[in-house]
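Take a look at the structure below.
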Amino acid sequence: MGDIAAWTRNGAIAVLTLDNPPVNAISQAVRSALVEGVKRAAAEPDVSALVIACAGRTFFAGADLKEFGKPSTEPFLTEVVDTIEGAGKPVIAAIHGSALGGGLEIAMACHYRVAHADARLGLPEVTLGLMPGARGTQHLPRLVGVSKALEIIALGEPVSAPEARTIGLVDEIAEGDLVEAACAKARSAADAPPRRTRERVAQPVSDDIYEQFSQRHAKKFRGLDAPKAIIASIRAATELPFEDGARRERDIFLKLRAGPQNEALRHVFFAEREAGKVPGIEGGEARVIETAGVIGSGTMGSGITIAFLSAGIPVTLYERDPAALKRGLAHIRMVLDGNVSSGRMTREAADRALSAVQPTSDMAALANADVIVEAAYERMDIKRSIFAELGELAKPGAILASNTSYLDLDEIAGVTSRPADVIGLHFFSPANIMKLLEVVRGRETAPDVIATAFKLAKRIGKIAVLSGNAWGFIGNRMLAVRREQAEAMAVEGASPAQVDRVLENFGFAMGPFRMGDLAGLDLGWTPESSTGSTIRERLCEAGRRGQKTGAGFYDYRDDRKPAPSQEAEAIIAGFARDRGITRSSFDDAEILDRLLWPMVDEGAKLLAEGIALRESDIDVVWLNGYGWPRWTGGPMFHARQTGLPEVTRRLRALGIAPSDALMNLANEDSA
Ligand code: COA
């Protein structure tokens, strides 16, 4: 059976242990070994039952995603599953770690399932734009009922072993050694005929159940093809005999697998893992982080504090103004309380987090922190004075991080005596929720400081992406390009509501104008310096500073819902008149092209300049920091799927010359 599988005996029980590090992905070799193992158990007369177990950290974590997109190789997973389920001798799954996707499908084909108490079981295919394709949608409703099956498959969230036991997905939780427990189960089952999941009945439920489920999760399912397919396939389990249901499942699965969403979401899966690999840094020694300091208790500083606290890292929170510090603490308490009431956190964990924050208005209290994140006002003079002080008072080896979103990190580092310790950690608001962390490497940032930042990011549940030091870094530099195009279109005659609708239909939660209103149009704006040279300035001059003032590009009444504004429209039209710009109507396709492709052009420049390491990093930034719809894979992937030569053609059609950087990528693409 080769290195991938070991065959051992425990009396009359055969134990087949598969070993395909790191996560026992179900590669072709694994599938072959499984089929062979079942055949061998059948052939050897003194074997009474078979236990299937995995070596290493986990049970099968799913199909081998690296084989996707290539021609399928035999035996297919369906054949493995049918072979196991059809075996004449009982087959028992011994589950530890994660049984995910095809891994759980194998487990459900087994006649009994014994799990370690810490195991997790799930069918996360939906997160890849897929659904289970090897009887999973037919087996699961037979084991746990339609409602639970809908939750597990369409939401893609794994269940714990104890919960799996309660709902009937697992037969037994192993006390003590897992394989021993599975063998004991095998012995007790050996004389009975195999208990096949397919022979059970999936009880039909009323249409209301499906309808309510879809409605309850409408927001989550928006834009995705897979949830509808999953619901149809689960329904088939209750309406059709097993074989017919399995065929229906296969047809639906193959359609999803060939579709663009699956390709895009697989790209996202690997892109997010790739982002953590920084050439020259990987595997490097990281510094020890036990305590953190945060400077500034505004929205950002509070959010960052919560992110640290939630990961069990105590925080000294510095804010010069005691009143602001008090407000910050109240906000932190409110968010943690909210986490408790929504069930995301236990009361004890929230109390523990709260007691681990040490508020102070004395900067010297930061002297013991291993990492200090400055989240003060976004002005160079303020940052310079803070970092000059930090350079003096922070302990040797402490990491000095700035949460700046636009400013020059090297200038900030330059005021300290230790620029090698300085790094950018750019969080996204709300910092306790948004997944993205842009890690900005300055000219002198030490490699171990970068390694530490990546490790820390993982610890606090963030996805880190490396960026070079350049205005706006990766995300905001591209955002600025989109904003410029959106505002230009508004001046040229598109309404903010039309532009927003187009981007929202593409899959963003919010279009550029709603987003601008929410963030505030007066970021960096002052009445003194305002010259009326952009529509934003003119709106601010008219007191329309965004949602907080009840007016921006839109009008806001009490419900904070945007309503098209005649006043804003008149201001924009006046601006166009002053500039001699003729206004005309736009069609939706043109708006979308003009929002997306200039961003991709900017992305190409970021790559050419070495600010972003890889195209997929740019995708990860936009997916996790700006709400780019995951099922399109991110800006650069979406451009690749569209075809880069086509993207350059469309830019030209808009009257925009593609950059050399984009032309080079496009030429490589068509070569
Ligand atoms: N196929 C191929 N490779 C896989 C894989 C799969 N199904 N699942 C994980 N890997 C790889 C990762 O790419 C990573 O490789 P790398 O070290 O070269 O980057 C490695 O296994 C470890 O994965 P990672 O996610 O970093 O580890 P983790 O301990 O945080 O999480 C899992 C482990 C199994 C929970 C997680 O990898 C996972 O959810 N995998 C996907 C499960 C899935 O969707 N299965 C259904 C497939 S249809």
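Just a few scattered comments:
- Theoretical FRET efficiency, 1/(1+(r/R0)^6), r = Cβ-Cβ of residue 590 and residue 358, R0 41 Å, to 0.05: 0.15
- Computed from backbone phi with θ = phi - 60° and the Karplus coefficients 6.51, -1.76 and 1.60, the 3J(HN,Hα) list for region 7-18 is 10, 10, 10, 10, x, 7, 9, 9, 10, 9, 10, 8 Hz; x is used for glycine and proline.
- Probe 1.4 Å, all protein chains present, accessible-area order of 263, 528, largest first: 528, 263
- In a fully extended conformation the segment linking residue 669 and residue 471 would gain 68.4 nm over its present Cα-Cα distance, using 0.36 nm per residue.
- When both region 543-565 and region 618-645 are represented by their alpha-carbon centers, they are found 30 Å apart.
- Mean accessible surface per residue for the chain, computed with a 1.4 Å probe while every protein chain stays in place, in Å²: 42
- Among beta bridges identified by DSSP and lying wholly in region 335-492, the antiparallel ones come to about 25 percent.
- Each part reduced to its alpha carbon centroid, region 301-367 and region 150-212 end up 41 Å apart.
- Distance between modelled label sites at residue 459 and residue 365, nm, 7 Å Cα→Cβ extension: 2.1
- Overall, the chain carries a charge dipole of about 860 debye about its Cα centre when +1 sits on the Cβ of Lys and Arg and -1 on the Cβ of Asp and Glu, all other atoms neutral.
- HN-Hα J in Hz across region 151-167 - Karplus 6.51, -1.76, 1.60, θ = phi - 60°, x for Gly and Pro: 4, 5, 8, 7, 8, x, 9, x, 10, 6, 4, x, 5, 4, 5, 4, 8
- Helix content alone sets the calculated 222 nm mean residue ellipticity of the chain: runs of n ≥ 4 DSSP H residues at -39500 (n - 2.57) each, divided across all residues, give -15000 deg cm²/dmol.
- The Cβ shell under 11 Å around residue 345 holds other residues with a net charge of 0, Lys and Arg each +1, Asp and Glu each -1.
- For region 265-422, the carbon plus sulfur part of the accessible surface works out to 52%, probe radius 1.4 Å.
- Residues with amide H under 5 Å from that of residue 89, placed H, sequence gap 5 or more: none
- 0 to 90° range, to nearest 10: angle between helix 644-653 axis and the chain longest Cα axis: 30
- Point-to-point label distance, residue 192-residue 657, nm (Cα→Cβ direction, 7 Å offset): 7.8
- Relative contact order (%) - the chain, alpha-carbon pairs under 8 angstrom, separation at least six: 9
- Distance (nanometres) between label positions extended 7 Å along Cα→Cβ at residue 559 and residue 342: 2.2
- Subset of 148/219; 255/561; 39/228 violating a 29 Å alpha-carbon distance limit: 255/561; 39/228
- One decimal place: the segment residue 207-residue 523 gains 108.8 nm when fully extended, by the rule 0.36 nm per residue minus the C-alpha distance.
The values are calculated or read from the model by the stated rules, or taken from the named source; none is laboratory data. Every value quoted in this text rests on a predicted model; they were computed, and no experiment measured them. Neighbour counts are summed over all protein chains in view; Cβ atoms, including those assigned to glycine, are modelled from backbone coordinates with ideal geometry. Surface accessibility is based on the protein's heavy atoms, side chains included, excluding ligands, DNA and RNA. Shrake-Rupley method; radii C 1.70, N 1.55, O 1.52, S 1.80 Å.
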